[in-house]
There are 2 protein chains.
Amino acid sequence: MRILVIGASGTIGRPLCEELGKRHEVIAAGRRGPDAVVDIRSAESIRALYEAVGPVDACICVAESGALDRFETLTEDELLENMRGKFFGQINLVLIGQSFLKDRGSFTLTSGIFADEAWPGVTGGAVISGGLHSFVLSAAIELKRGLRINAVSPTIVADSVEAYAHLFPGMEPVEMDRLIGTYVNCVEGSETGRIHRLYRPAGSADTGFPLG
Amino acid sequence: MRILVIGASGTIGRPLCEELGKRHEVIAAGRRGPDAVVDIRSAESIRALYEAVGPVDACICVAESGALDRFETLTEDELLENMRGKFFGQINLVLIGQSFLKDRGSFTLTSGIFADEAWPGVTGGAVISGGLHSFVLSAAIELKRGLRINAVSPTIVADSVEAYAHLFPGMEPVEMDRLIGTYVNCVEGSETGRIHRLYRPAGSADTGFPLG
């Protein structure tokens, strides 16, 4: 397969490209390339990317993350700015990409634990990921030509625990190998409309999410 | 209690105000009043509303609904426009209102079934409601002074079946009485961070939502 990976130089992107590269042609994209340059906050940049790389079998996005926020002073404009990359950017990869991907191609987006689990200072991350989950369910029934779409919703990655664990004490990490395997499953498998939640159920009566 | 109801003249708003009015002082607000005028698409209008009505014990929003969309031609700008009222408007009611509500006051927002269940032509409705659910979880742990927040996520209302059932054939309606009772529960009860899903579980492995 020809696989476009956006955010290829990031914490998840690097090992993901390495694993996919064993069996597939990987186009490593991001703000600084290396194979193709894109800023997913811009619809024009996304369209130019798809036109430049030509037909692909899969588009995986592991770029961008939500910024921290302060709820007491949070404004609509700050929230919207936070949503530009990870929310609207990933949605644009699908809305624009739906006419560029090969038949039966797949999109794999990245959301996160804050969709389902509340932590202080991440209201933006929550609405980004919660909105993306519902988008994936919706897009899965809307996409034509056998196109598929799934999301990977990680908790903190074991490789990042040292850098971020002080912000989210007690958050159980996911091993990088398992995370990478989940992206591979989305691309090489056949499912669509699946949210891969890589964390334990919250346990409240409202959220009975199974693990994985 | 003094209860501010936004969208007071709508399908849900009218019977809700009637029920609440039996025990409480209701301030019926909306684009055409009657007690107070507000356009929740505007942050300035929301701030002016809170300043005009003075301290309230509860703010309930049953205003606005998502527009239909066509996935194949949907753009970021259309999606954002669709999100202005029901998503950013309701979030602004909380972000701005958090300094206006009385201690231990409550916000009750309205989301909808498309957060969890995919139907054609409602990608906007999906991301609006999915994002709102995660916002409510997050806001519940962020709000100070004992302020509470919950969401009511209705399916199609029995009273609207005649008008909308052709768009969503087979969608099981919720009775208006049960819906109104759920809003009353949010205001008069003590829970926070609860998403009241008024529809059956989707049954997929990914969404084990209990009824109610």
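Scanning for something at the interface with chain A (Cβ under 8 Å from one of its Cβ atoms), open to solvent by 10 Å² or more (accessible area, probe 1.4 Å) and in contact with a strand residue (DSSP E or B) (Cβ under 8 Å, 6 or more places away or on another chain), does the stretch B:114-124 turn up at least one residue? Among the residues of the stretch B:114-124, at least one is at the interface with chain A (Cβ under 8 Å from one of its Cβ atoms), open to solvent by 10 Å² or more (accessible area, probe 1.4 Å) and in contact with a strand residue (DSSP E or B) (Cβ under 8 Å, 6 or more places away or on another chain), which makes the answer yes. Of all residues in the stretch A:84-115, those satisfying the criterion of being touching a helix residue (DSSP H, G or I) at 6+ places or on another chain (Cβ under 9 Å), closer than 23 Å to A:Val184 by Cβ and of a type outside the set (A, V, I, L, M, F, W, C) are A:Lys86, A:Gly89, A:Gln90, A:Gly97, A:Gln98, A:Gly105, A:Ser106, A:Thr108, A:Thr110, A:Ser111, A:Gly112. Scanning the stretch B:1-30 for residues that are in contact with a strand residue (DSSP E or B) (Cβ under 7 Å, 6 or more places away or on another chain) and charged (D, E, K, R) yields B:Arg2, B:Glu25. Annotation note: of B:Ala28, B:Ala52, the sole residue that is touching an Asp or Glu at 6+ places or on another chain (Cβ under 6 Å) and over 30 Å from A:Ala139 (Cβ atoms) is B:Ala28. Within the span defined as the stretch A:75-84, every residue fails to be of a type outside the set (D, E, K, R) and either over 22 Å from B:Ser111 (Cα atoms) or in contact with a Ser or Thr (Cβ under 6 Å, 6 or more places away or on another chain) (or both). If you go through the stretch B:132-174 and pick out every residue that is at pLDDT 95 or above, out of contact with any strand residue (DSSP E or B) (no Cβ under 8 Å at 6 or more places or on another chain) and not in a helix (DSSP H, G or I), you end up with 3. Is it the case that A:Arg70 is within 14 Å of another protein chain (Cβ to nearest Cβ), within 25 Å of A:Ser153 (Cβ to Cβ) and surrounded by fewer than 17 Cβ atoms within 10 Å (Cβ to Cβ)? Judged against the criteria, A:Arg70 is a match. Considered as a group, the residues in the stretch B:180-203 that are open to solvent by less than 20 Å² (accessible area, probe 1.4 Å) and touching a Leu at 6+ places or on another chain (Cβ under 6 Å) include one that is nearest to A:Glu72 (Cα to Cα), and that residue is B:Gly193.
Here are A:Ser160, A:Ser129, A:Ser111, A:Ser134: which of them is open to solvent by 10 Å² or more (accessible area, probe 1.4 Å) and either within 14 Å of chain B (Cβ to nearest Cβ) or not charged (D, E, K, R) (or both)?
On the way: A:Ser129 fails: open to solvent by 10 Å² or more (accessible area, probe 1.4 Å); A:Ser111 fails: open to solvent by 10 Å² or more (accessible area, probe 1.4 Å); A:Ser134 fails: open to solvent by 10 Å² or more (accessible area, probe 1.4 Å).
Of the residues listed, the single one that is open to solvent by 10 Å² or more (accessible area, probe 1.4 Å) and either within 14 Å of chain B (Cβ to nearest Cβ) or not charged (D, E, K, R) (or both) is A:Ser160.
Here A:Asn82 passes the criteria (1) farther than 20 Å from B:Thr123 by Cα; (2) modelled with pLDDT of 95 or more; (3) surrounded by fewer than 22 Cβ atoms within 10 Å (Cβ to Cβ) except the one numbered (3). A count restricted to the stretch B:163-179 and to residues that are among the aliphatic types (A, V, I, L, M) and either without any contact (Cβ under 8 Å) to a residue 12 or more places away in the chain or open to solvent by less than 10 Å² (accessible area, probe 1.4 Å) (or both) stands at 4.
The set of residues in the stretch B:45-67 being within 12 Å of chain A (Cβ to nearest Cβ) and touching a Lys or Arg at 6+ places or on another chain (Cβ under 7 Å) consists of B:Gly66 alone. All of A:Arg41, A:Arg47, A:Arg104, A:Arg31 fail the test of being within 17 Å of the chain's Cα centre (by Cα) and surrounded by fewer than 17 Cβ atoms within 10 Å (Cβ to Cβ), apart from A:Arg31.
The values are calculated or read from the model by the stated rules, or taken from the named source; none is laboratory data. Because the structure is predicted, anything quoted here is derived from the model rather than measured. Note: ideal-geometry Cβ built from the backbone for every residue, glycine included; neighbour counts use all protein chains shown. Please note that ligands, DNA and RNA were not included when accessible areas were found on the heavy atoms of the full protein model with its side chains. Shrake-Rupley method; radii C 1.70, N 1.55, O 1.52, S 1.80 Å.
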